[in-house]
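What follows is a single structure, and I will ask about it in a moment.
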Amino acid sequence: MASTTGTASKTTRIKKLSDSERMRDLVSFTFKTYEGDSPNPFGCDIINTKTDERLVRCVNGVGIENDPSSHGEVRAMRLGCKKLKTPSLRGYTLFTTCEPCPMCMSMALWAGVDRVVYGATIDDAARHCFQIYLSAREVAAKGDMPRPVVTGPIEQELAYSLFTHPKMLAAFRVWMKGKRRKLVT
């Protein structure tokens, strides 16, 4: 205990979680959606890069909000910016169970996140639902703003298990009903 004013002060150290620990925790949170009627494989956390404190956590809301832009990452970044009262997420890391699509990765660039850490890949997701085949790294490379460090896949097999759960496979069939492409299940 050190003190410059003559009074004792505690120094509290928060154990910083590894990327793998964070991803396992996020996958566990996302699996909780399987307990209800709206299973969802797309979960997202925004974490303060220095303090390791969570700013926000959410899942994809496309179906429940009837909004095609309501991906987990977009929802998390909107909520995080609102909470911070700024359009910037500099100093924060975006964790997501699946590699961000071009829309989500573009928003991460505009928001200025430090890092993007993902679990399953776009190719993993494409086995079950429509995707735009541009990697997060490719999208980041096309911008002229500061680029976040893109890390992934992390805990890929575990994150991908969100896509292959029987309840999710049934949901994908509903999501894709009437679409031109046949599911790989």
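Farthest toward the dipole's positive end in the chain, which of Val117, Leu26, Val59, given Cβ charges of +1 (Lys, Arg) and -1 (Asp, Glu) about the Cα centre?
Val59
Can I ask one more? Which whole-angstrom value gives the distance between the alpha carbon centres of the stretch 19-60 and the stretch 127-142?
20
Need the list of aspartates and glutamates near Lys15 for cross-linking: C-alpha distance under 18 angstrom, and skip anything on the same chain fewer than eight residues off.
Cross-link targets: Asp25, Asp45, Asp52, Glu53.
In the calculated pair distance distribution of the chain, what percentage of Cα-Cα distances lie above 30 Å?
22
Right, here's the next one. For the stretch 78-89, what does the Karplus curve 6.51 cos²θ - 1.76 cosθ + 1.60, with θ = phi - 60°, yield as ³J(HN,Hα) per residue in whole Hz, taken in order and with x for Gly and Pro?
Rounded to whole hertz, the list is 4, 5, x, 5, 4, 5, 7, 6, 7, x, 10, 10.
On a 1.4 Å probe surface of the protein chains, which of Leu89, Leu158 comes out largest in accessible area, and what is the full order?
Per-residue accessible area, sorted high to low, gives Leu158, Leu89.
What aspartates and glutamates does Lys85 reach when the alpha-carbon gap must be under 16 Å and sequence neighbours fewer than 8 apart in one chain are set aside?
none
Hey, which of these cross-link pairs are over 29 Å Cα-Cα: Lys50/Lys83; Lys83/Lys177; Lys32/Lys177; Lys32/Lys142; Lys142/Lys167; Lys50/Lys167?
Lys83/Lys177; Lys32/Lys142; Lys142/Lys167; Lys50/Lys167
Let me ask something additional. Out of the total accessible area of the chain (probe 1.4 Å, heavy atoms of protein only), what percent is carbon and sulfur?
Solvent-exposed carbon and sulfur of the chain make up 55 percent of the total.
Give a residue-ordered list of calculated ³J(HN,Hα) values for the stretch 150-159 (Karplus: 6.51 cos²θ - 1.76 cosθ + 1.60, θ = phi - 60°; whole Hz; x for Gly, Pro).
Those phi angles translate into 9, 10, x, x, 10, 6, 4, 4, 5, 5 Hz.
Given charges of +1 on the Cβ of Lys and Arg and -1 on the Cβ of Asp and Glu, with all other atoms neutral, how large is the dipole of the stretch 5-148 about its Cα centre, in debye to the nearest 20?
Dipole size: approximately 760 debye.
The values are calculated or read from the model by the stated rules, or taken from the named source; none is laboratory data. Small disclaimer: the values here were computed from a predicted structure and weren't measured. Neighbour counts are summed over all protein chains in view; Cβ atoms, including those assigned to glycine, are modelled from backbone coordinates with ideal geometry. These area figures cover heavy atoms from the full protein model, side chains too; ligands, DNA and RNA do not enter into them. Shrake-Rupley method; radii C 1.70, N 1.55, O 1.52, S 1.80 Å.
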